[in-house]
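Colleague: Provided herewith is a single structure, encoded as structure tokens, for subsequent inquiry.
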């Protein structure tokens, strides 16, 4: 099954349960959009501001402090929204894939039970990939310090090592996203701990360099990025076209509100389309891997899933 076929299947599922998913993920996607907007509209512009333009050490320390501060606030917020979306999607898509009638009430009960597990799994799948990036921080600081005391050769060497660590972190991050693509649905459907879910996801995905599954996952990743970029750019263009037309209302400048909406709404619209579809793809892909790799038919799989949850989500 190539990326296009997986996407077609996911879109078919989405057509059947999409309206329910959109209704129940509005708030969770909004939370994730606020986190992303905070990073891009508030944190990133601050990274170029420094209190001492002549001191490289101060500049790098301030850069790292602002970036880490922004990430500490925004990442948990984003993960909460993403985990909530994934949990809701897993409930509805599982019902559809196992030939059960989707239930809003069951989805709400499912959400309240498994949100915490989904959040912990998502966080663990990300923080395990940040080691090389964190290791580069002292190298950047050391490089700036050596440059200030005119040890440019050693400073340049440390800087190059830091850059190599950053590049290595990005490569490792991309591979980990492929290996842990199924971690959240695995944890929720099979009732595993986050650590067990990561191992299980890697087993279902197979070896990154020796399996066509990688191409499927990468295809889904790139398609999601392209769609989100297009939707966000379109929405941003629309809001920019009307942003300058807000008059003074009750003594307040509505232009400020318009600018805030310009920053937030395109991000929200893009995420509201892409994040649920991305989650649907992962759940569909999870069931596909269970059938292909483990030879389970859908009835056996349905009984197994039902066994792992005390909530009677499926009408078997």
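Colleague: Restricting to the stretch 182-198, give me the number of residues that are modelled with pLDDT of 90 or more, surrounded by fewer than 19 Cβ atoms within 10 Å (Cβ to Cβ) and within 21 Å of residue 276 (Cα to Cα).
Modeller: Looking only at that region, the number is 0.
Colleague: Scan the stretch 47-68 for residues that are touching a residue at least 12 places away in the same chain (Cβ under 8 Å), more than 32 Å from the chain's Cα centre (by Cα) and assigned to a loop (DSSP other than H, G, I, E, B) and report the count.
Modeller: 1
Colleague: Going by the conditions given, is residue 92 closer than 25 Å to residue 134 by Cβ and within 21 Å of the chain's Cα centre (by Cα)?
Modeller: Answer is no for this residue.
Colleague: Could you identify the single residue in 167, 226 that is over 18 Å from residue 127 (Cβ atoms), part of a helix (DSSP H, G or I) and modelled with pLDDT under 75?
Modeller: Working: 167 fails: modelled with pLDDT under 75.
Answer to the selection: 226.
Colleague: Let me ask something additional. Examine the stretch 180-189 for a residue that is free of Cβ contacts under 8 Å to residues at least 12 places away in the same chain and in a helix (DSSP H, G or I), and state whether such a residue exists.
Modeller: No, the stretch 180-189 has no match at all.
Colleague: Quick one: is residue 203 at pLDDT 60 or above and in a helix (DSSP H, G or I)?
Modeller: yes
Quick grid of which residues meet (1) closer than 16 Å to residue 189 by Cα; (2) modelled with pLDDT under 55; (3) part of a helix (DSSP H, G or I):
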| residue | (1), (2), (3) |
| --- | --- |
| 268 | no, no, yes |
| 274 | no, no, yes |
| 277 | no, no, yes |
| 282 | yes, no, yes |
| 285 | yes, no, yes |
| 300 | yes, no, yes |
| 310 | yes, yes, no |
| 313 | yes, yes, no |
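Colleague: When the residues of the stretch 99-143 are narrowed to those that are part of a loop (DSSP other than H, G, I, E, B) and either modelled with pLDDT of 90 or more or more than 18 Å from the chain's Cα centre (by Cα) (or both), which ends up surrounded by the fewest Cβ atoms within 10 Å (Cβ to Cβ)?
Modeller: Within the stretch 99-143, the first condition is being part of a loop (DSSP other than H, G, I, E, B), and the residues that meet it are 99-103, 128-130.
Adding the requirement that they be either modelled with pLDDT of 90 or more or more than 18 Å from the chain's Cα centre (by Cα) (or both) leaves 99-103.
Values: 99: 12, 100: 17, 101: 9, 102: 17, 103: 18.
Selected residue: 101.
Colleague: Evaluate the stretch 36-43: report whether one residue or more is closer than 17 Å to residue 278 by Cβ and crowded, with 18+ Cβ neighbours inside 10 Å.
Modeller: So far as the stretch 36-43 goes, yes, one or more of its residues are closer than 17 Å to residue 278 by Cβ and crowded, with 18+ Cβ neighbours inside 10 Å.
The values are calculated or read from the model by the stated rules, or taken from the named source; none is laboratory data. Note that this is a predicted model, so its numbers are computed, not measured. Glycine also receives a Cβ, built like all others from the backbone with ideal geometry; neighbour counts cover every protein chain displayed.
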